[in-house]
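Q: Mind having a look at this structure? Questions to follow.
The values are calculated or read from the model by the stated rules, or taken from the named source; none is laboratory data. Keep in mind that what you see is a predicted model, and the values were worked out from it rather than measured. Every residue, glycine among them, receives a Cβ derived from its backbone with ideal geometry; neighbour counts consider all protein chains shown.
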Amino acid sequence: MTTHYTYIQAIGEGWPGVHCHAAGDGSDYVSIVWEGGDPLPAQAVLDAWMAQAEISSKQREIQQERDRRKWGGIYIASAGHWFAADDCSRIQYMGMIVAGGGLPFGVMWRCLDGASVQMSTGLAAQIMQEIVARDVSIFSVCEQHKSQAALAEHPALYNFLDNSPAWPQIYAE
């Protein structure tokens with residue numbers, strides 16, 4: 001969840017050498033009482049820091065969604081099934097491709113929907129091609145959402161799940 005800062009929270013996190021307290025809840029700059037240590041940052045400096053912190057927090061959320069989708073399975077239309085796309089599965093597909101003609105005939109592979117299909121070097125290569133294409137698409141969507149969040153009037157309210165561009169579909173969506 002995106003972080004919302006009060007002035008007192010921002011000072012505590014960004015300027016730990018400033019000793020101060022708030023006469024109220026810390027959301028009003030004039031309520032900050034400096035007690036010593038480093039100088040109290042100007043309100044404009046704190047406002048800029050809080051805005052950037054909010055953008056950074058939202059961008060981390062977007063990156064978490066990117067990662068969730070990266071590992072969310074890949075649909076192979078020719079096989080009619082969804083295949084795992086986690087790191088372990090990716091390594092296994094690459095191993096099958098490298099094995100080439102050495103891949104034993106009749107290897108059955110469990111799909112995300114529970115079905116089993118006969119794995120082949122060609123199918124493993126097709127899965128990896130689709131994974132790479134989808135990874136590029138997911139990365140592009142992620143970067144666009146991060147840019148849009150940075151430009152939003154209220155980055156914390158930017159909805160990267162409902163706004164365009166749309167994320168590529170993953171298993172069980």
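Q: Inspect all residues belonging to segment 89-112 and state whether any of them is at pLDDT below 95 and either assigned by TED's automatic domain parsing to the domain that holds residue 20 or charged (D, E, K, R) (or both).
A: no
Q: Name the pairs whose Cβ atoms lie under 6 Å apart, with the first residue in segment 138-166 and under 19 Å from residue 5 (Cα atoms), the second buried (at least 20 other Cβ atoms within 10 Å of the Cβ) and of a type in the set (Gly, Ala, Ser), and 6 or more positions between them or separate chains?
A: 155/149; 158/149
Q: Among the residues of segment 56-63, is any free of Cβ contacts under 8 Å to residues at least 12 places away in the same chain and assigned by TED's automatic domain parsing to the domain that holds residue 124?
A: Of the residues in segment 56-63, the ones free of Cβ contacts under 8 Å to residues at least 12 places away in the same chain are 56, 60.
Still in the list and also assigned by TED's automatic domain parsing to the domain that holds residue 124: none.
There is no residue in segment 56-63 that is free of Cβ contacts under 8 Å to residues at least 12 places away in the same chain and assigned by TED's automatic domain parsing to the domain that holds residue 124.
Q: Looking at residue 110, is it free of Cβ contacts under 8 Å to residues at least 12 places away in the same chain and among the charged types (D, E, K, R)? Full working, then the answer.
A: Working: free of Cβ contacts under 8 Å to residues at least 12 places away in the same chain: yes; among the charged types (D, E, K, R): yes.
Answer is yes for this residue.
Q: Looking at residue 151, is it farther than 21 Å from residue 68 by Cα and assigned by TED's automatic domain parsing to the domain that holds residue 84? Even if it seems obvious, please write down each step before you answer.
A: Working: farther than 21 Å from residue 68 by Cα: yes; assigned by TED's automatic domain parsing to the domain that holds residue 84: yes.
Here the answer is yes, as residue 151 does meet what is asked.
Q: Let me ask something additional. Starting from residues that are among the hydrophobic types (A, V, I, L, M, F, W, C) and buried (at least 18 other Cβ atoms within 10 Å of the Cβ), keep the ones in segment 113-127 and report whichever is nearest to residue 59 (Cα to Cα).
A: As a first pass, look at segment 113-127 and keep what is among the hydrophobic types (A, V, I, L, M, F, W, C): 115, 117, 119, 123-125, 127.
Checking the rest, the ones that are also buried (at least 18 other Cβ atoms within 10 Å of the Cβ) come to 119, 123-124, 127.
Working: 119: 38, 123: 35, 124: 33, 127: 29 Å.
Checking each candidate, the answer is 127.
Q: Looking at this structure, is residue 73 at positive phi, in the same structural domain as residue 143 (by TED's automatic domain parsing) and at pLDDT 95 or above? Before the answer, list the steps.
A: Details: at positive phi: yes; in the same structural domain as residue 143 (by TED's automatic domain parsing): yes; at pLDDT 95 or above: yes.
Yes; evaluated as a whole, the condition is true for this residue.
Q: How many residues does segment 128-162 hold that are surrounded by 14 or more Cβ atoms within 10 Å (Cβ to Cβ) and either assigned to a loop (DSSP other than H, G, I, E, B) or in contact with a Gly (Cβ under 7 Å, 6 or more places away or on another chain) (or both)?
A: Residues that pass the stated criteria total 3.
Q: Which one of the conditions (1) outside the structural domain of residue 75 (by TED's automatic domain parsing); (2) more than 14 Å from residue 70 (Cα to Cα) does residue 171 fail to meet, given that it meets all the rest?
A: All conditions pass for residue 171, except number (2).
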